[in-house]
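Participant: Before anything else, here's the structure in question.
The values are calculated or read from the model by the stated rules, or taken from the named source; none is laboratory data. From a predicted model like this one, the values you see are computed outputs, not experimental measurements. Because the Cβ atoms are built from the backbone with ideal geometry, glycine has one as well, and the counts that use them run over all protein chains shown. Note: areas computed on protein heavy atoms with side chains; ligands, DNA, RNA excluded. Shrake-Rupley method; radii C 1.70, N 1.55, O 1.52, S 1.80 Å.
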Amino acid sequence: MTFRFCFILISVLLMAGCGDPAPETTTTEVASGDYERGPHRGRMLREGKFAIEVTIFETGVPPQYRLYAYRDNQPLPATDVEATITLGRLGGKTDLFAFKPEGDVLIGDGVVVEPHSFDVTVVARESGREHRWEYASYEGRTTIAAAVAESSGLQTEKTGPATLRTQIPLMGSVAIDENRRARCAPASPAWCATRVGIGESVTRGQVLATVEANESLRSYVITAPIAGQIIARNTNVGDVAGDEPLFEIADLSEVWVDLHAFGKDLPRLKPGQPVTLVSAVGEARAEATLERLLPIAAAGSQSAIARVHLSNPDGLWRPGLAVSADVTVGERVVPLAVRTAGLQPFRDFTVVYAQVGDTYEVRMLDLGERDPDYAEVLGGIDPGVTYVTEQSFLIRADIESPAPATTTKGSTMLERTIRIAISHRWLVLLMALALAALGAWNFTKLPIDAVPDITNVQVQINTEAAGYSPLEAEQRVTYPVETALAGMPKLEYTRSVSRYGLSQVTVVFEDGTDIYFARQLVNERLQSVRAQLPEGIEPKMGPIATGLGEIFMYTVEADADALTPDGQPWTPTDLRTLQDWVVRPQLRNLEGVTEVNTIGGYVRQFHVTPTRSSWSPTASHCATSWTPSSAATRTSAPATSSAPASST
């Protein structure tokens, strides 16, 4: 009934708008940019009784000019007319078109290439008379003053040759160069006194500790075999050192970057290829060379290590940091290219904006291969043309901004609807109030108050790592789990959070993916990664629930005169027991129920506390021979609140 009433009201307004328009004052002037159109929807050019219609025809053929001649608004044979069209394009280039008759139409002898933006000169001859028209036909063109362009950050360069690179993106981490790592240990068990701490820089030969041999009681010093930093110290003052190393020293002026290469990428990687490295923390960036591919692949992740040797004089590349890399596996020089930063969409084309003075105009491009920096140009722009490379979207916004509205003869259905609504304002106001009242009444009758679940298809993996710092949880738990999940079907992306004692990885799949299929894929990958995790670390998938999932709340209450089976009034403890042992187990068996959480009431507990008189040296007697007169007591411990038991 409600929808039918709304439909009737809207129909009345639309029918009013479709009726005859009210009398209005119109203008006979043609608005700026408008022109008279002929029978073929082309531009009509008139001089006296002679007229010619200019069209660009592109149905099934490349764009070409077609002309139709008229005298006294009657078609003329095409053989009675000779015509030429000259197009003046931005930058001084001109296109000349001659025409040949075919039936009642004159067809141009060339293709009108994009963009269709030019100054047009039409010359037609008939019956010994020459007619000439000039007009501008611009598209995708705008003018921006040089000062405005400079303040807006517009940057330009000329088209020309460029080198395209084929790159493979990889992820990895910084590692210590094992050739620049040393471990220092005493020759025999000894008492030691240390002189340096973790993080300190040491030079070769510097004294690290003084030790006293247990057997000979002679003292000697332990010195640094290499220059570097102390990365581990396994002793303190007064400790007795055994065979374990006391110190670990690493020279971090040069490090390794171990990249993980998967599947089809492996055969394309070769030592000596250029690598661009970007730190995941901060803005460190470096150029290096792929040093080697390690011969053994990881069984769990099915990846191999591609190792890069990286100079690290400033210490920005700390071992353990995550790194993204682009490995260049091929290069090709192309004769004509533009920067990808300058590409913009325009209608159905990909374009750049050419600059001539203060004027900018689109150039529709036919593109070939591209890399992150350059795109190969197969056609659409000439070498040496100045085009915009940065902030080109500002020119696009200026071109696509709507022109000021103009008043023309006639009006649209929407305009007539608005005009009728203004003329009958009291009727429209009355209908609006009726609709508002109807909406308010229906709002009070809504049976639900719910928010739709708009969460994407995701699976959460929670891993408890007691005692782990966020850095340790990231390196030893989160990173291996995320690496193992890479490459799954329909995977969109993963994100993670590492906190003290907790690692959480969220795996997001494409919309429409079956959640059980997604969880099966994740479970298979978790089985393979468990062997790579520290002992006692067990990743677990979270429930099939989200923060916007449907929640049903209920309470368990007793009538004022209700009694328990033993004749006692119902207490909060009895209600909580009924909820935990009767209601909740049955709800858990219902389809679609993910979890039932209980709050309130009092949890019933049983405490067995033997007294001296009933003490028995055997555990079996203590567990089975108590009587009601013994110290076995029933108590009620408060839960989260004293309200009636409720569940979500």
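Participant: Looking only at the stretch 326-342, which residues are open to solvent by 40 Å² or more (accessible area, probe 1.4 Å) and farther than 30 Å from Glu254 by Cβ?
Facilitator: Arg332, Val333, Pro335, Arg339, Ala341
Participant: Considering only the stretch 469-483, how many residues are open to solvent by 40 Å² or more (accessible area, probe 1.4 Å) and in a loop (DSSP other than H, G, I, E, B)?
Facilitator: 0
Participant: Considering only the stretch 145-163, state which residues are surrounded by fewer than 19 Cβ atoms within 10 Å (Cβ to Cβ), touching a residue at least 24 places away in the same chain (Cβ under 8 Å) and of a type in the set (A, V, I, L, M).
Facilitator: Ala145, Ala146, listed by residue number.
Participant: Still on this structure, I have one more. Criterion first (closer than 30 Å to Glu178 by Cβ, under 29 Å from the mean Cα position of the chain (by Cα), modelled with pLDDT under 95 and open to solvent by 30 Å² or more (accessible area, probe 1.4 Å)) does Asp348 satisfy it?
Facilitator: Numbers: closer than 30 Å to Glu178 by Cβ: no; under 29 Å from the mean Cα position of the chain (by Cα): yes; modelled with pLDDT under 95: yes; open to solvent by 30 Å² or more (accessible area, probe 1.4 Å): yes.
No: the conditions fail for Asp348.
Participant: Turning to a different aspect of this structure: In the stretch 97-120, how many are of a type in the set (A, V, I, L, M), open to solvent by 30 Å² or more (accessible area, probe 1.4 Å) and in contact with a strand residue (DSSP E or B) (Cβ under 7 Å, 6 or more places away or on another chain)? Write out each step before concluding.
Facilitator: To start, the set of residues in the stretch 97-120 that are of a type in the set (A, V, I, L, M) comprises 98, 105-107, 111-113, 120.
Pick out the ones that are also open to solvent by 30 Å² or more (accessible area, probe 1.4 Å) and you get 98, 111, 113.
Narrowing further to those that are in contact with a strand residue (DSSP E or B) (Cβ under 7 Å, 6 or more places away or on another chain): 98, 111.
Total meeting the criteria: 2.
Participant: Is it the case that some residue within the stretch 164-177 is at pLDDT 90 or above, under 30 Å from Ser279 (Cβ atoms), not aliphatic (A, V, I, L, M) and not in a strand (DSSP E or B)?
Facilitator: There is at least one residue in the stretch 164-177 that is at pLDDT 90 or above, under 30 Å from Ser279 (Cβ atoms), not aliphatic (A, V, I, L, M) and not in a strand (DSSP E or B).
Participant: Any idea how many residues of the stretch 185-231 are modelled with pLDDT of 85 or more and open to solvent by less than 20 Å² (accessible area, probe 1.4 Å)?
Facilitator: 4
Participant: For Ile544, are the conditions met, namely being open to solvent by 50 Å² or more (accessible area, probe 1.4 Å), modelled with pLDDT of 85 or more, within 41 Å of the chain's Cα centre (by Cα) and of a type in the set (Val, Ile, Thr)? Lay out the reasoning, then the answer.
Facilitator: Numbers: open to solvent by 50 Å² or more (accessible area, probe 1.4 Å): yes; modelled with pLDDT of 85 or more: no; within 41 Å of the chain's Cα centre (by Cα): yes; of a type in the set (Val, Ile, Thr): yes.
The answer is no for Ile544.
Participant: While we're here: Cβ-Cβ below 8 Å, separation at least six or inter-chain, first residue in the stretch 457-472 and free of Cβ contacts under 8 Å to residues at least 40 places away in the same chain, second part of a loop (DSSP other than H, G, I, E, B): which pairs?
Facilitator: So the pair list comes out as Ala466/Gly501; Gly467/Gly501; Tyr468/Tyr500; Tyr468/Gly501; Ser469/Tyr500; Pro470/Tyr500; Glu472/Ala465.
Participant: Sticking with this structure for a sec: Quick one: would you say Pro644 is part of a loop (DSSP other than H, G, I, E, B), modelled with pLDDT of 50 or more and open to solvent by 50 Å² or more (accessible area, probe 1.4 Å)?
Facilitator: Details: part of a loop (DSSP other than H, G, I, E, B): yes; modelled with pLDDT of 50 or more: no; open to solvent by 50 Å² or more (accessible area, probe 1.4 Å): yes.
Against the criterion (part of a loop (DSSP other than H, G, I, E, B), modelled with pLDDT of 50 or more and open to solvent by 50 Å² or more (accessible area, probe 1.4 Å)), Pro644 does not qualify.
Participant: If His40 satisfies every condition in (1) open to solvent by 80 Å² or more (accessible area, probe 1.4 Å); (2) closer than 30 Å to Ile381 by Cβ; (3) over 44 Å from the mean Cα position of the chain (by Cα) but one, which is the exception?
Facilitator: Single failed check for His40: (2).
Participant: Let me ask something additional. Taking strands (runs of 3 or more DSSP E) that do not extend beyond the stretch 352-420, which have at least 2 residues that are open to solvent by 80 Å² or more (accessible area, probe 1.4 Å) and at pLDDT 80 or above? Talk me through it step by step, then tell me what you get.
Facilitator: On the way: elements: 359-364, 366-370, 374-379, 386-390.
Strands (runs of 3 or more DSSP E) meeting the threshold: 366-370.
Participant: Run Thr55 past the list (1) at pLDDT below 90; (2) open to solvent by less than 60 Å² (accessible area, probe 1.4 Å); (3) touching a strand residue (DSSP E or B) at 6+ places or on another chain (Cβ under 7 Å) and report the number of the one that doesn't hold.
Facilitator: (1)
Participant: Moving on. Would you be able to tell me the number of residues in the stretch 469-517 that are more than 21 Å from the chain's Cα centre (by Cα) and on the phi > 0 side of the Ramachandran plot?
Facilitator: Count: 1.
Participant: Can you list the strands (runs of 3 or more DSSP E) lying wholly within the stretch 34-136 that have 1 or more residues being in contact (Cβ under 8 Å) with a residue 40 or more places away in the chain and among the basic types (Lys, Arg)?
Facilitator: Details: elements: 43-47, 50-57, 64-71, 82-88, 94-102, 105-108, 118-126.
Output list reads 43-47, 64-71, 118-126.
Participant: Next up: Looking only at the stretch 484-505, how many residues end up being surrounded by fewer than 17 Cβ atoms within 10 Å (Cβ to Cβ), hydroxyl-bearing (Ser, Thr, Tyr) and closer than 19 Å to Met171 by Cβ? Give the derivation first.
Facilitator: First, pick out the residues of the stretch 484-505 that are surrounded by fewer than 17 Cβ atoms within 10 Å (Cβ to Cβ): 486-490, 492-493, 495, 497, 499-501.
Applying the additional criterion that residues be hydroxyl-bearing (Ser, Thr, Tyr) yields 493, 500.
Now restrict to residues that are closer than 19 Å to Met171 by Cβ: 493.
So the count comes out to 1.
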